[in-house]
Amino acid sequence: MAGSAHGHTPAAWTGVTISFIGFCIAGAFMVAANPLGFWAGIGVVLLGGVVGAVMKAAGLGMPKETQQHAEARRRAAADA
């Protein structure tokens, strides 16, 4: 995966960061036995996924691999 730079995009970093913050919020409120805060944290986790998807749709994610690139990758793997 390192060769394809999987996930190294603004959309991926933003979505994961927001989701991580949501997990932290949910975890803190779970320990504090506060169900409303816990579900608010889960809402932030889901918001991270939505933000990442919207940013990807706006062109800030990984572009789709073209047929040319797929063929070149297969040839390179066969030659190695």
Kindly list, by first and then second residue, each pair from a residue in the stretch 60-80 that is at pLDDT below 85 to a residue that is open to solvent by 90 Å² or more (accessible area, probe 1.4 Å) and part of a loop (DSSP other than H, G, I, E, B), limited to pairs with Cβ atoms under 9 Å and residues at least 6 apart or on different chains. Met62/His6; Met62/His8; Arg73/Glu65
Pairs returned, first residue in the stretch 30-41 that is under 19 Å from Ser19 (Cβ atoms) and open to solvent by 70 Å² or more (accessible area, probe 1.4 Å), second residue that is assigned to a helix (DSSP H, G or I) and of a type in the set (Phe, Trp, Tyr), beta-carbon separation under 9 angstrom, 6 or more apart or interchain, are Met30/Phe38; Trp39/Phe29
Kindly indicate whether any position in the stretch 33-40 is of a type outside the set (A, V, I, L, M), at pLDDT 95 or above and not in a helix (DSSP H, G or I). yes
Name the single residue that is nearest to Ala12 (Cα to Cα) among those in the stretch 45-57 being in contact (Cβ under 8 Å) with a residue 12 or more places away in the chain and among the small types (Gly, Ala, Ser). Gly52
Answer yes or no: is there a residue in the stretch 20-27 that is under 11 Å from the mean Cα position of the chain (by Cα) and outside any helix (DSSP H, G or I). no
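Of all residues being open to solvent by 80 Å² or more (accessible area, probe 1.4 Å) and either among the charged types (D, E, K, R) or part of a helix (DSSP H, G or I) (or both) in the stretch 61-75, which is farthest from Ser19 (Cα to Cα)? Just the residue, please. Quick ask: steps written out before the conclusion?
Step one: of the stretch 61-75, the residues open to solvent by 80 Å² or more (accessible area, probe 1.4 Å) are 62-65, 67-69, 73-75.
Still in the running and either among the charged types (D, E, K, R) or part of a helix (DSSP H, G or I) (or both): 64-65, 67-69, 73-75.
On the way: Lys64: 24, Glu65: 27, Gln67: 33, Gln68: 35, His69: 32, Arg73: 33, Arg74: 35, Arg75: 38 Å.
By that ranking, first place goes to Arg75.
The values are calculated or read from the model by the stated rules, or taken from the named source; none is laboratory data. Remember, it's a predicted structure, so these values are computed and weren't measured experimentally. For neighbour counting, all protein chains shown are included, and Cβ atoms are generated from backbone atoms with ideal geometry for every residue, glycine included. To get the accessible areas, we keep the full protein, side chains included, count just its heavy atoms, and leave off ligands, DNA and RNA. Shrake-Rupley method; radii C 1.70, N 1.55, O 1.52, S 1.80 Å.
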